Amino acid sequence: MAPPLQHPTGPGGAPAPLGPVVLRFTALPEHVRTARLVATSLSRRAGLDTTDVEGVRLAVGEACGRAVQRSESAGTAELVQMVLTAAEGVLVVEVVDGAGDDGVESEEVAMLLMEGLADEVSVSAGPGGPGGTTRLTWGLPADAAS
Amino acid sequence: MDLSVTSREQGGRTVVEVGGEIDVYTAPVLRERLNDLVGEGRHHLVVDMEKVDFLDSTGLGVLVGGLKRVRSHDGSLHLVCTQEKILKVFRITGLTKVFPIHSTVDDAVAASSGESAS
């Protein structure tokens, strides 16, 4: 199913599959910006337009901010992990924390934003317990995927 | 720190100019500044967001907190914002119904002055 290996991308060329790119960081608010920068850079390379890149920037920031707040609240020293992959026409960003069920309660605004900006959002269990994995996906432009 | 906050008086209102990124890391700084202003008796705020490059849910929380705080003193909080990417954040979360949002500081000051002479 995977498209045949093409020439590596040029700006404007059809991007080849990208990633995975993995970032692991201490659950501190100051690292969320770093995670945003990584995600923004990869989504731009994957061929998303400016509006969607801004969407990735914000939604990934929300997912990582949520992971940091859950980790702080649970008092876990586990690192937060973000994995990004762009392949088969889809950009997938997965953010995993080590916190358990006792995470933060007021996540509604963050969820609203992620749902409003990503094509799909799902929250499932992480290694520490329920709610520890946030998965965001965006469809890549058709001309970039073919 | 990737956030700047400065304030000045204009037309009897306090204009708070915010620049940079308001996120989970920097939002506490903005919260503190808004709290300080309200504590000094400045209850009519105009927050100028034109130089804000990024706003997340934590930042929204701080603005909502500021609004509640000034309202408890019969004050007001108006926003200035024309950037589509920032407006989108307010729209998705339904907060365009909560905050009066203006295109210029002058408009915001005029609207704020019009609704309640201080």
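The values are calculated or read from the model by the stated rules, or taken from the named source; none is laboratory data. A quick note: this is a predicted structure, and the numbers were derived from the prediction, not measured. Using ideal geometry, Cβ is built from the backbone for each residue, glycine included, and neighbour counts are taken over all protein chains shown. All accessible areas refer to the heavy atoms of the entire protein, side chains included, with ligands and DNA or RNA removed. Shrake-Rupley method; radii C 1.70, N 1.55, O 1.52, S 1.80 Å.
General observations
- Scanning segment B:23-40 for residues that are within 11 Å of another protein chain (Cβ to nearest Cβ) and open to solvent by less than 20 Å² (accessible area, probe 1.4 Å) yields B:Asp23, B:Val24, B:Thr26, B:Ala27.
- Some residue of segment A:38-50 being at the interface with another protein chain (Cβ under 10 Å from one of its Cβ atoms) and in a helix (DSSP H, G or I): yes
- Exactly one residue among B:Val38, B:Val29 is at pLDDT 95 or above, closer than 20 Å to A:Glu62 by Cα and not in a strand (DSSP E or B), and that residue is B:Val29.
- Residue selected from segment A:69-110 under the condition part of a helix (DSSP H, G or I) and out of contact with any helix residue (DSSP H, G or I) (no Cβ under 6 Å at 6 or more places or on another chain), by the criterion most open to solvent (accessible area, probe 1.4 Å): A:Glu108
- Residues (at pLDDT 95 or above, among the small types (Gly, Ala, Ser) and part of a helix (DSSP H, G or I)) located in segment A:111-146: A:Gly116
- Scanning segment A:72-102 for residues that are among the polar types (S, T, N, Q) and at pLDDT 95 or above gives A:Gln81, A:Thr85.
- Residue that is farthest from A:Val38 (Cα to Cα), among those in segment A:61-92 that are of a type in the set (Val, Ile, Thr) and more than 10 Å from every other protein chain (Cβ to nearest Cβ): A:Thr76
- For B:Thr6, the requirement of being part of a loop (DSSP other than H, G, I, E, B), open to solvent by 10 Å² or more (accessible area, probe 1.4 Å) and away from every other protein chain (no Cβ under 13 Å) is not met.
- Condition met for B:Glu50 (closer than 24 Å to A:Thr50 by Cα and either in a helix (DSSP H, G or I) or away from chain A (no Cβ under 14 Å) (or both)): yes
- Residue that is touching a residue at least 12 places away in the same chain (Cβ under 8 Å), polar (S, T, N, Q) and within 14 Å of chain A (Cβ to nearest Cβ), where the choices are B:Thr96, B:Thr82, B:Thr58: B:Thr58
- Which numbered condition B:Ser76 misses (of (1) away from every other protein chain (no Cβ under 14 Å); (2) among the hydroxyl-bearing types (Ser, Thr, Tyr); (3) over 13 Å from the mean Cα position of the chain (by Cα)): (3)
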